[in-house]
Structure formats: C-alpha cells, structure tokens
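The values are calculated or read from the model by the stated rules, or taken from the named source; none is laboratory data. Note that the structure is predicted; figures quoted are calculated from it, not measured. FYI the Cβ positions are ideal-geometry reconstructions off the backbone, even for glycines, and counts take in every protein chain you see. All accessible areas refer to the heavy atoms of the entire protein, side chains included, with ligands and DNA or RNA removed. Shrake-Rupley method; radii C 1.70, N 1.55, O 1.52, S 1.80 Å.
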Amino acid sequence: MQLPDEKLKPVLTRLRRAHGHLATVIRMLEEGAECEDALTQLAAVDKALARSGYALVSTGLIHCISTEGPDSVDQAKMEKLFLSFA
C-alpha cells in the first residue's frame, strides 16, 4: 500500500530527525566525545526510529480503514508489524 504524501510528511519528519541525531552520534564518536554523551544521543536515535515506525504503521492502518473499510485490514499482518517494533 502506498500512502499519500500528506500522510507521510510527519513520518518523514521523524525520520529526518533520527537521521540528524545519528549524524551527531557519528560525529561525536569521531571527535572522541564521552561515551555517555554519545549513548544519550544514540538513545534519541532509537526513540525517533521507533516512533517513526509506529507512526507509519498507524498511519497505514488509518488510511486502510478510511479508504477501504475495516474488512481490508489484515489483523495478523498488523499485529506482526506492531510487534516488530516491540
């Protein structure tokens, strides 16, 4: 399923934020930053990626239900997608 651009914008924003955090972690490690500081930033990357994934799954679910009706949602597939982020 492809989502409309306006539905993807918030997800892409979250992913860009994660990308920025990851670039910061890489730069910090290259420059010899303290491990604790790098790990704090890495935790932010992890959180941003997880939130992006959940947002993508929920956006897709809402899109399916609103455009194709509740019967179009494969419950087992949705459960598998959500659990992949757990």
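Restricting to the range 19-75, count the residues that are open to solvent by 60 Å² or more (accessible area, probe 1.4 Å) and in contact with a His (Cβ under 6 Å, 6 or more places away or on another chain).
Matching residues across the range 19-75 total 0.
In the range 1-23, what residues are more than 14 Å from the chain's Cα centre (by Cα) and at pLDDT below 90?
Scanning the range 1-23 gives Met1, Gln2, Leu3, Pro4, Asp5, Glu6.
Can you run down the residue pairs with Cβ atoms below 7 Å, 6 or more apart or on separate chains, where the first is in the range 59-86 and in contact (Cβ under 8 Å) with a residue 60 or more places away in the chain and the partner is in a loop (DSSP other than H, G, I, E, B) and surrounded by 11 or more Cβ atoms within 10 Å (Cβ to Cβ)?
Going by the 7 Å Cβ cut-off, the qualifying pairs are His63/Leu3; Cys64/Val73.
Take the range 23-46 and flag every residue that is out of contact with any Leu (no Cβ under 7 Å at 6 or more places or on another chain) and closer than 30 Å to Cys64 by Cβ.
Correct list: Asp46 only.
Take the range 1-18 and flag every residue that is surrounded by 13 or more Cβ atoms within 10 Å (Cβ to Cβ) and in contact with a His (Cβ under 8 Å, 6 or more places away or on another chain).
Within the range 1-18, Leu3, Lys7 meet the criteria.
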